[in-house]
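Contents: one structure, followed by commentary.
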Amino acid sequence: AVILAIVTTWSTLLSTPRNLEPMAFYEILFWGGGHVLQFANTAAMLALWLFLVEQISGQPVLKRGTANLLFGLMILPCLVAPLIPLQDPTSGFYRLFFTRLMQWGIFPVTLMILARCLFVLVRSKQVQWRSLAAFGWLCSVGLTLTGFVLGALIRGSNTLVPAHYHANIGAVTVTYMTVGLMLLWQANWSVRKQNWARFQPLIFGLGQTVFALGFALAGAHGMSRKVYGAEQHIRTTAEYVGLTVMGLGGLLAIIGGILFLGLTLRPMWQQFRPQPISKTNLGSSHLIEEEI
């Protein structure tokens, strides 16, 4: 999917007229490849879902052959993506194709894998619901479904659009955060930090959800997107409320992000910083030199 996104962007560059205004040129240039890249982001998230649910339930979720089939079905529609810009990237068909590709190409496999994950969890008798893996996976699932619902509600160019993709971007991000913290645990991280870190995905996930819902509330009442500064007119109380909720959710998500940095950078620095040479090591080296 990453390779297809790069090739799609390259084919768009070859086909896009150079006399366009910069804003129009770059929006066209990255429209197709950017939409294909979302398949790569989602596929990576789903792969980590399989890892997290196995950690939660103690059971594998999919056999390798089934996983190959599902991920193959997800990527299959993207194979034609590099050919679309060669027609005419300035046409309405170019924009509509990649919009529909992402709209209809991602959610079927995502829901099938989610259904399988839930089936495994329901059948398992040793589900660790209070673990970091469970908290992170539940936040990712919640944000994913929120993004799908908000995406289905989009009618025109309003802030429902960023509400939709900030929810789905948050779903991918919180999955990577969770697995990153788990990898540090495997490197003998302190127990105290492990207990604290279990709630980091919840803080970030809740903040990102509130952020997206605030955007959605403003968009549902007509708040336009991509109009900033003097051009943005907040006309109704609902738009004010939506933007206020968005700001509060964004603040909570930022706190969750800073917490993640605090929890990860320090142990990583302690792991990889240069170790000072002790007097004992110096004495041993002198003895070795004398023996030689």
Item to check | Degrees between helix 279-291 axis and first principal axis of the chain (Cα, 0 to 90, nearest 10) | outcome: 60
Item to check | Long-range amide H partners of residue 158 with built H, under 5 Å | outcome: 225
Item to check | Residue-normalised accessible area of the chain, expressed per residue, 1.4 Å probe, Å² | outcome: 57
Checklist entry - Can you give the accessible area of residue 112 in Å² (nearest 10), computed on protein heavy atoms with a 1.4 Å probe? => result 90
Next on the checklist: Angle check, please: helix 22-57 long axis (alpha carbons) against the longest principal axis of the chain (alpha carbons), in degrees 0 to 90, nearest 10.
Outcome noted: 50
Checklist outcome for this item: Carbon/sulfur accessible area of region 86-167, % of total, 1.4 Å probe, equals 64
Checklist entry - Using a Gaussian network for the chain with springs between C-alpha atoms less than 10 Å apart, which of these wobbles most: 19, 168, 41? => result 19
Checklist outcome for this item: The distance between the Cα centres of region 108-185 and region 1-67, in whole Å, is 17
Checklist outcome for this item: Taking Rh as the Kirkwood radius computed over alpha-carbon pairs of region 65-223 and applying Stokes-Einstein at 25 °C with viscosity 0.890 mPa s, one gets a diffusion coefficient in µm² s⁻¹ of 137
Checklist entry - Using heavy-atom solvent-accessible surface (probe 1.4 Å) with all chains present, what is the largest-first order of 251, 50? => result 251, 50
Checklist outcome for this item: With all protein chains present and a 1.4 Å probe, the order of 130, 95, 266 from largest accessible area down is 130, 266, 95
Checklist outcome for this item: Quick calc: nm separation of the 7 Å Cα→Cβ label points for residue 95 and residue 238 -> 2.5
Item to check | Coil-residue chymotrypsin sites (Phe, Trp or Tyr not before Pro) of region 91-170, DSSP, other Cβ within 10 Å capped at 14 | outcome: 129
Checklist outcome for this item: Here the relative contact order (percent) of the chain, from C-alpha pairs under 8 Å and at least 6 apart, is 16
Next on the checklist: Ignoring everything except DSSP H segments at least 4 long, calculate the 222 nm mean residue ellipticity for the chain; use -39,500 (n - 2.57) per segment, divide by total residues, nearest 500.
Outcome noted: -25500 deg cm²/dmol
Item to check | GNM flexibility winner over the chain from 140, 124, 57 (Cα, springs under 10 Å) | outcome: 124
Item to check | Estimated distance in nm for a label pair at residue 2 and residue 165, the labels positioned 7 Å out from Cα along Cα-to-Cβ | outcome: 2.0
Next on the checklist: On a 1.4 Å probe surface of the protein chains, which of 164, 221 comes out largest in accessible area, and what is the full order?
Outcome noted: 221, 164
Checklist entry - What list of ³J(HN,Hα) values in whole Hz, one per residue of region 257-267 in order, does the Karplus curve 6.51 cos²θ - 1.76 cosθ + 1.60 (θ = phi - 60°) give from phi, with Gly and Pro shown as x? => result x, 5, 4, 4, 4, x, 6, 9, 5, 5, x
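The values are calculated or read from the model by the stated rules, or taken from the named source; none is laboratory data. No experiment lies behind these values; they were computed from the predicted model shown. When we count neighbours, we look across all protein chains shown, and the Cβ atoms used for this are built from the backbone with ideal geometry, even at glycine. Calculation scope for accessible area: heavy atoms of the full protein, side chains included, ligands and nucleic acids excluded. Shrake-Rupley method; radii C 1.70, N 1.55, O 1.52, S 1.80 Å.
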